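Student: Before I ask anything, here is the structure I am working with.
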Amino acid sequence: MRRVELAERPHWRDHAKEVGFSFADMHGEPYWDETSVYAFSLDQIENDIEDPATALHGMCREAVDHILASEELLDKLAIPEAHRDLIANSWKQGDPEIYGRFDLAYDGQGPAKLLEYNADTPTSLYESASFQWQWLEDQLEAGNLPEGADQFNGIHEALVARFADVFEPDSDLHFTAVAGNPEDYGTVEAMGWAAREAGLGAHYCDLDKIALSDDGQFLDDEDRRIAVLFKLYPWEDLLRDDYADHIEGSGCLFLEPAWKALLSNKGLLPVLWEMFEDHPNLLPAFFEQDVGEAMAGRGSVTGRAADAFDRARAGLARAHVRKPILSREGASVEIMNSGQIIESASNTEYAEHARILQAYAPLPQFDGMRPVVGAWIIGQTCAGIGLREDRSRITQDLSRFKPHYIAPYSG
């Protein structure tokens with residue numbers, strides 16, 4: 001794994017405008033950045049990222065059963081009591097999942113470490129699946145990449161196949177996101193594009209235009225019944241909205257399904273550590289309410305984490321990360337070193353939520369930049385990656401997206 005300086009394609013901004021990539025720059029700063037790229041070996045991709053990410057997803061599915069069997073864990077994940085049956089039924093009846101994204105710390109040497117799972121509404125899909133593939137083809141044609149270079153990117157094709165597996169031909173699907181957000185719309189349109197290629201109908205409706213009929217069905221802005229709804233709107237918010245009371249009786253299948261609320265929650269991380277302690281791709285993680293007093297030297301560990309915490313205490317004391325169980329794009333995250341905050345996110349909008357403590361895995365540095373690998377799960381298999389980098393230790397909403405390639409084997 002290395003960071004390679006590379007000339008930009010001369011007309012990539014014109015191409016971005018042509019294909020509707022309107023958020024290539026955000027807030028006056030570049031978001032898509034191809035002035036440098038990341039190169040991997042095939043072994044690194046297959047053995048350090050692809051296979052572990054697929055295995056991690058299988059572990060997460062095991063964790064769903066574990067969480068649903070424990071009211072204590074549902075409480076710790078702050079799952080609203082009124083909608084726990086909705087989540088449990090969604091899992092028991094096998095409501096299908098489409099996609100998710102693991103964020104991994106990986107330096108090209110040791111095992112990739114799971115930082116979190118964006119299992120419900122992950123963004124950067126369009127740039128991962130489509131725009132970086134076009135970048136690869138253009139740079140190969142221009143002779144700017146080694147002959148035989150490839151990319152770990154079967155995301156779009158896997159999405160098409162997943163939609164075709166889940167739904168009958170000509171089924172109608174609806175897609176929604178908050179109006180006026182180009183990045184969210186880009187993600188939704190990437191999903192709709194895949195659904196159309198799978199032979200399905202794909203209709204978009206702004207989130208605030210979805211209505212409820214007199215008989216309890218959801219309707220789009222043309223008063224059509226919504227039978228399947230892909231919503232780029234997180235379950236932790238939806239379950240606290242008034243409309244949540246109407247979901248179970250609406251007959252509408254939601255994508256991602258309600259059970260994904262358990263996996264998009266940072267409380268998943270201590271659950272995974274409890275279930276799979278010392279797994280090479282996991283970091284020690286605990287609920288702050290269980291170990292916070294012990295970490296501060298004021299008390300003992302509560303709950304069932306005592307033995308595991310004793311084994312992890314020294315490492316956590318050296319450095320750990322405090323994360324709200326409900327947080328996005330690094331908001332309200334703090335990195336602690338020997339009891340002192342060494343970096344914290346400027347966005348603190350999730351600060352009121354309960355937290356977890358996770359052992360600190362520093363992101364590698366390349367030319368002063370710290371990349372995080374986003375491993376895309378389509379269905380239950382890892383199908384590609386996208387990278388974002390930042391000078392900050394905390395990857396945030398304006399971190400830059402970087403394309404990648406797989407270097408040809410040189411013997």
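Student: Per residue, how many Å² of accessible area does segment 270-314 show with a 1.4 Å probe?
Tutor: 50
Student: For a quick check of your reading of the filter: which trypsin sites (Lys or Arg not before Pro) in segment 302-411 sit in a DSSP loop and have no more than 16 other Cβ atoms within 10 Å?
Tutor: Loop-located and lightly packed - R391.
Student: Same structure, new question: Report the calculated FRET efficiency for E137 and R61 (r = Cβ-Cβ distance, R0 = 30 Å), to the nearest 0.05.
Tutor: For E137 and R61, the calculated efficiency is 0.30.
Student: Please give the length that would be gained between H279 and A296 if that part of the chain were fully extended, namely 0.36 nm times their separation in residues minus their C-alpha to C-alpha distance (nm, one decimal).
Tutor: That pair, H279 and A296, stretches by 3.5 nm at full extension.
Student: Check each of the GluC sites (Glu not before Pro) in segment 312-396 and keep only those in coil by DSSP with at most 13 other C-beta atoms within 10 angstrom; list them in order.
Tutor: E349, E352
Student: As a test of reading the structure, rank L125, L219 by solvent-accessible area (1.4 Å probe, protein chains only), most first.
Tutor: Putting L125, L219 in descending order of accessible area: L219, L125.
Student: Assuming a ≥ b ≥ c are the square roots of the Cα gyration tensor eigenvalues, decide whether segment 224-370 counts as rounded (a/c under 1.5), prolate (otherwise, with a/b larger than b/c) or oblate.
Tutor: prolate
Student: Could you give the length gained on full extension between A306 and D214, defined as 0.36 nm per residue of separation minus the Cα-Cα distance, in nm?
Tutor: Gain on extension, A306 to D214, equals 27.9 nm.
Student: Using the Cα gyration tensor of segment 1-71, with a ≥ b ≥ c the square roots of its eigenvalues, what is the shape: rounded (a/c below 1.5), prolate (a/b larger than b/c) or oblate (neither)?
Tutor: oblate
Student: Another one. Let me know the shape class of segment 1-134, please: from the alpha-carbon gyration tensor, a ≥ b ≥ c as square roots of the eigenvalues, rounded when a/c is under 1.5, otherwise prolate if a/b is greater than b/c, or oblate.
Tutor: It is prolate, given that a/c is not under 1.5 and a/b is the larger ratio.
Student: How large is the charge dipole for segment 206-310, taken about the Cα centre, if only the Cβ atoms of Lys, Arg (+1) and Asp, Glu (-1) carry charge, to the nearest 20 debye?
Tutor: Here segment 206-310 has a charge dipole of around 300 debye.
Student: Could you name the lysines whose alpha carbon sits less than 29 Å from that of K402, not counting residues in the same chain fewer than 8 places away?
Tutor: K17, K113, K231, K260, K266, K323
Student: Along the positive direction of the dipole of the chain (beta-carbon charges: Lys, Arg +1; Asp, Glu -1; about the Cα centre), which of T348, N89, P280 reaches farthest?
Tutor: Of the candidates, P280 comes out farthest on the positive side.
Student: Continuing with this model, one more query. At 0.36 nm per residue, and after removing the present C-alpha to C-alpha distance, how many nm does the segment from N144 to I341 gain when stretched out fully?
Tutor: 66.6 nm
Student: In segment 135-171, what GluC sites (Glu not before Pro) fall in a loop by DSSP, with at most 13 other Cβ atoms inside 10 Å?
Tutor: In loop regions of segment 135-171 (DSSP not H, G, I, E or B), the sparsely surrounded GluC sites (Glu not before Pro) are E147.
Student: Summarise the accessible area of segment 196-259 (1.4 Å probe, protein heavy atoms) by the percent that is carbon and sulfur.
Tutor: 43
Student: Next up: Have a look at I155, G299, G186 and report the one farthest towards the positive end of the charge dipole of segment 141-300, computed about the Cα centre with Cβ charges (Lys/Arg +1, Asp/Glu -1).
Tutor: The Cα lying farthest towards the positive end belongs to G299.
Student: Amide H of S327: which non-local residues (sequence gap of 5 or more, or other chain) have their own amide H closer than 5 Å, using H built in the peptide plane?
Tutor: K266
Student: I would also like to ask the following. Could you state the number of Å between the C-alpha centres of segment 115-180 and segment 309-327?
Tutor: Spelled out, the Cα-based centre of one part sits 34 Å from the other.
Student: Further question: Using a probe radius of 1.4 Å on heavy atoms only, what accessible surface per residue do you get for segment 54-206? Whole Å² is fine.
Tutor: 39
Student: Could you size up the charge dipole of segment 136-204 around its Cα centre, putting +1 on the beta carbon of Lys and Arg and -1 on that of Asp and Glu, and report it in debye to the nearest 20?
Tutor: Once rounded to the nearest 20, the dipole reads 220 debye.
Student: How large a share of the accessible area of segment 62-130, in percent, is made up of carbon and sulfur atoms when the probe is 1.4 Å and the other protein chains stay in place?
Tutor: Answer for segment 62-130 is 43 percent, counting heavy atoms of protein chains only.
Student: Tell me the relative contact order for segment 216-281 as a rounded percent, counting alpha carbon contacts under 8 Å between residues six or more apart.
Tutor: Here the relative contact order equals 33 percent.
Student: Based solely on its DSSP helices, what 222 nm [θ] is calculated for the chain when runs of n ≥ 4 H residues each add -39,500 (n - 2.57) and the sum is averaged over all residues, nearest 500 deg cm²/dmol?
Tutor: Rounded to the nearest 500, it is -8000 deg cm²/dmol.
Student: With a point put 7 Å past each Cα toward its Cβ, work out how far M26 is from D237 in nm, to one decimal.
Tutor: For M26 paired with D237, the spin-label model returns 1.3 nm.
Student: Still on this model: E343's amide H: which non-local residues (gap 5+, or another chain) put their own amide H closer than 5 Å, with H modeled 1.01 Å from N in plane and none for Pro or chain starts?
Tutor: Residues meeting the amide H criterion: I335.
Student: Specify the residue with the greatest mean-square fluctuation among G58, G315, G94, computed from a Gaussian network of the chain linking alpha-carbon atoms under 10 Å apart.
Tutor: G94
The values are calculated or read from the model by the stated rules, or taken from the named source; none is laboratory data. The model shown is predicted, which means the values in this text are computed figures rather than measured ones. Positions of Cβ are backbone-derived with ideal geometry, glycine not excepted, and every protein chain shown enters the neighbour counts. Calculation scope for accessible area: heavy atoms of the full protein, side chains included, ligands and nucleic acids excluded. Shrake-Rupley method; radii C 1.70, N 1.55, O 1.52, S 1.80 Å.
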